[in-house]
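See below for the structure under consideration.
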Amino acid sequence: MNNNPKIRAIVTGATGMVGEGVLHECLLSDEVESVLVITRKPCGTAHPKLKEIIHPDFYNISAIESQLSGYNACFFCLGTTSIGKKEEEFFKITYTLTMHFAETLSRLNPGMTFCYISGGATDSTEKGRIMWARVKGKTENDLMKLPFKQVYNFRPGYMNPTKGLKNTLSMYKYISWMYPFLRMTFPKYVITLKELGLAMINTVNKGYNKNILEVKDIVELSKK
């Protein structure tokens, strides 16, 4: 008999490929009782477990704070590419927005597990030459200082998309056929979006012995 508490999760980034994939696994999982999606525009998914809040300004979520209590997980999949962005702009979107959202949730839900989508080659020293890696590293480090029950930083590499989902990036239409070869040849850098979603779900009640999860850790945790 499973005596673990049911998961009540907040998901961000559900209109993107990663967030949609994680949401998909949450809606399929018997471990997940309810999901709150916070998004700037409708995610286009309907399900009995799912509640959606449309909120345009993630830098100020005070207007919806009263609806954010009572959750024990957050799967934070909101992010942006650094391509074409100066450090100030990328820092604001990646660090400032994430920390504001997380600080609010840690105050309202101290028993929460917070999972953050980071990236492979993130710079935990915050001192390297690659801008995006420094910013991601600072974000990871400062998230782990917040008074959550647990914080896990996920560093996926190539993520093979889940079939049938509508927010898959167009480039995957041309390269997904290579997935079996990539998985066999570069196992340290290749996962599926399904594995990512399952691993996030499993952190809540099963935990993991590392706060920073590389690809091999994500695969292992997805099988727990």
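Each Cα pair under 8 Å and six or more residues apart adds its separation to the average, and for the chain the resulting relative contact order is 20 percent. In the set [x] 1.00; [y] 1.07; [z] 0.94, the label that goes with Rg/Rh (Cα atoms, Kirkwood Rh) computed for this structure is [z].
With each label modelled as a point 7 angstrom along the Cα→C-beta vector, the Met99-Ile83 pair spans 2.8 nm.
For the residue pairs Lys6/Lys51; Lys92/Lys224; Lys41/Lys85; Lys145/Lys166; Lys138/Lys206, the alpha carbons lie more than 28 Å apart in Lys92/Lys224; Lys145/Lys166.
In the context of the full set of protein chains, the chain has a per residue accessible area of 49 Å² (1.4 Å probe). The stretch between Lys163 and Lys216 holds 16.8 nm of extra length on full extension. This uses 0.36 nm per residue minus the Cα-Cα distance.
Pop the C-beta distance of Lys127 and Lys206 into the FRET formula with R0 = 45 Å and round what comes out to the nearest 0.05. Working from the Cβ atoms, E equals 0.85. Oblate is the label for the range 42-174, because a/c, from the alpha-carbon gyration tensor with a ≥ b ≥ c as root eigenvalues, is 1.5 or above and a/b does not exceed b/c.
Distance from the C-alpha centroid of the range 56-124 to that of the range 140-183: 16 Å, rounded to the whole angstrom. Here the range 1-125 has 53 percent of its accessible surface on carbon and sulfur atoms, given a 1.4 Å probe and all protein chains in place. Straightening the chain between Leu182 and Leu28 buys 52.8 nm, computed as 0.36 nm per residue apart minus the Cα-Cα spacing.
Remark: the Cα gyration tensor places the range 1-71 in the oblate category, a/c being 1.5 or greater and a/b not exceeding b/c. With helices as the sole contributors, the chain gives -9500 deg cm²/dmol at 222 nm; each DSSP H run of n ≥ 4 counts as -39500 (n - 2.57), and the sum is divided by every residue.
Local charge for Glu52 was computed over the other residues whose Cβ lies under 12 Å away, with Lys and Arg +1 and Asp and Glu -1, and equals +4. Measuring nothing but how far apart in sequence close Cα pairs (under 8 Å, 6+ apart) lie, relative to its length, the range 42-152 scores a relative contact order of 27 percent. Distance between the modelled labels on Ile54 and Tyr174, one decimal in nanometres: 3.4 nm (7 Å Cα→Cβ projection).
The values are calculated or read from the model by the stated rules, or taken from the named source; none is laboratory data. Please read all numbers here as calculations on a predicted model, not as lab measurements. FYI the Cβ positions are ideal-geometry reconstructions off the backbone, even for glycines, and counts take in every protein chain you see. These area figures cover heavy atoms from the full protein model, side chains too; ligands, DNA and RNA do not enter into them. Shrake-Rupley method; radii C 1.70, N 1.55, O 1.52, S 1.80 Å.
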